[in-house]
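In what follows, a single structure is set out as structure tokens and then discussed.
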Amino acid sequence: MRCMKHTTLLLTGLLCAPLSAVADGNKLYLLQNSPTQGIAEGNQIEVDQSNSLYSELGSEETPLVQEGFANAAQIMVEGTGSQVALSQEAKNAVGNQGVILAYNGANARLEQTGTENSGTIGLGGVNLDGNLIQEGSQLTGTLVAVGDNATVSLTQTGTDLYGRLEVEAYNSYVRYKMEGNGLYNPGAPLRIYTFNRDISVTQRNLWGNGNGNGNGNIGNGNGNGNNGNGNGNNGNTDGNNGNGNGNGNGS
């Protein structure tokens, strides 16, 4: 199914296109909303539930949502009982891109807030939940996971981040967080295998810019000078404080 709309669209029930006999009991709930039309590109979504049974994309209370301009999503579900959640909110005319592939009953959630973000989720497993959360701009994230009875999440917050998480997990919880600006996976994707253990990994950009300015009065002759005062501004994410001091001799 392919839906494109500049204005609000609320769709509940089965897919718009006829389904084969294999696809039984599938549901899709979708809300697309663009505040104004003009020359801005609308939102697009492509959904394939033709090889799934009783899959549910969104719900009556929380449908799949595309808010703003130029968001695009592709969703493919195969197997029985998968649930998918999607929220795309573009802050300007350059939207977000998302791809969700869920197999064998896996559940996926993709949330994108900002501009020019790209997120991909690929899951395969029973009672396997995969979450990809992006808040910022120019974020690229890929989450690939297999396993059973596990939850895997990748969260990116900031600007110009690139990360890939590959997981095989059983009876476990895996969380990977990336925060800052211009942060990339070190050399290769983060790969994790875990059984009956929870794992949490956080990466932050340790470099920031700190600037300090100091101004002081300068005098010649005898007397007591006044000390100049300077205040340093905090740098960006995890940056060092900049310090500035001004010194002077009084007249």
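Listed by position, the strands (runs of 3 or more DSSP E) contained in segment 144-192 that have at least 1 residues being free of Cβ contacts under 8 Å to residues at least 24 places away in the same chain are 150-159, 162-170.
Look at residue 140 and say whether it is surrounded by fewer than 19 Cβ atoms within 10 Å (Cβ to Cβ) and either in contact with a helix residue (DSSP H, G or I) (Cβ under 7 Å, 6 or more places away or on another chain) or of a type in the set (Val, Ile, Thr) (or both). It would help to see each step written out before you state the result.
Working: surrounded by fewer than 19 Cβ atoms within 10 Å (Cβ to Cβ): yes; either in contact with a helix residue (DSSP H, G or I) (Cβ under 7 Å, 6 or more places away or on another chain) or of a type in the set (Val, Ile, Thr) (or both): yes.
When the stated conditions are applied, residue 140 passes them.
Of all residues in segment 190-200, which are exposed (fewer than 13 other Cβ atoms within 10 Å of the Cβ) and under 25 Å from residue 135 (Cβ atoms)? The answer is 191, 200.
Of the residues making up segment 105-119, one or more are under 13 Å from residue 130 (Cβ atoms) and open to solvent by 40 Å² or more (accessible area, probe 1.4 Å). On the stretch given as segment 167-191, residues that are within 19 Å of residue 121 (Cβ to Cβ), within 20 Å of the chain's Cα centre (by Cα) and of a type outside the set (D, E, K, R) total 8.
Take the residues of segment 49-97 that are of a type in the set (A, V, I, L, M) and either assigned to a loop (DSSP other than H, G, I, E, B) or touching a helix residue (DSSP H, G or I) at 6+ places or on another chain (Cβ under 6 Å) (or both): which is surrounded by the most Cβ atoms within 10 Å (Cβ to Cβ)? Steps first, answer last, please.
Within segment 49-97, the first condition is being of a type in the set (A, V, I, L, M), and the residues that meet it are 53, 57, 64-65, 70, 72-73, 75-77, 84-86, 90, 93-94.
Add one more test, that the residue is either assigned to a loop (DSSP other than H, G, I, E, B) or touching a helix residue (DSSP H, G or I) at 6+ places or on another chain (Cβ under 6 Å) (or both), and what stays is 70, 93-94.
On the way: 70: 21, 93: 13, 94: 18.
The qualifying residue surrounded by the most Cβ atoms within 10 Å (Cβ to Cβ) is 70.
Under the condition of being within 15 Å of residue 205 (Cα to Cα) and among the aliphatic types (A, V, I, L, M), the residues counted in segment 131-181 number 3.
The values are calculated or read from the model by the stated rules, or taken from the named source; none is laboratory data. These numbers come from a predicted model, not from an experiment. As a convention, Cβ positions derive from the backbone with ideal geometry for all residues, glycine included, and neighbour counts pool all protein chains shown. Keep in mind that these areas ignore ligands, DNA and RNA; they rest on the heavy atoms of the full protein, side chains included. Shrake-Rupley method; radii C 1.70, N 1.55, O 1.52, S 1.80 Å.
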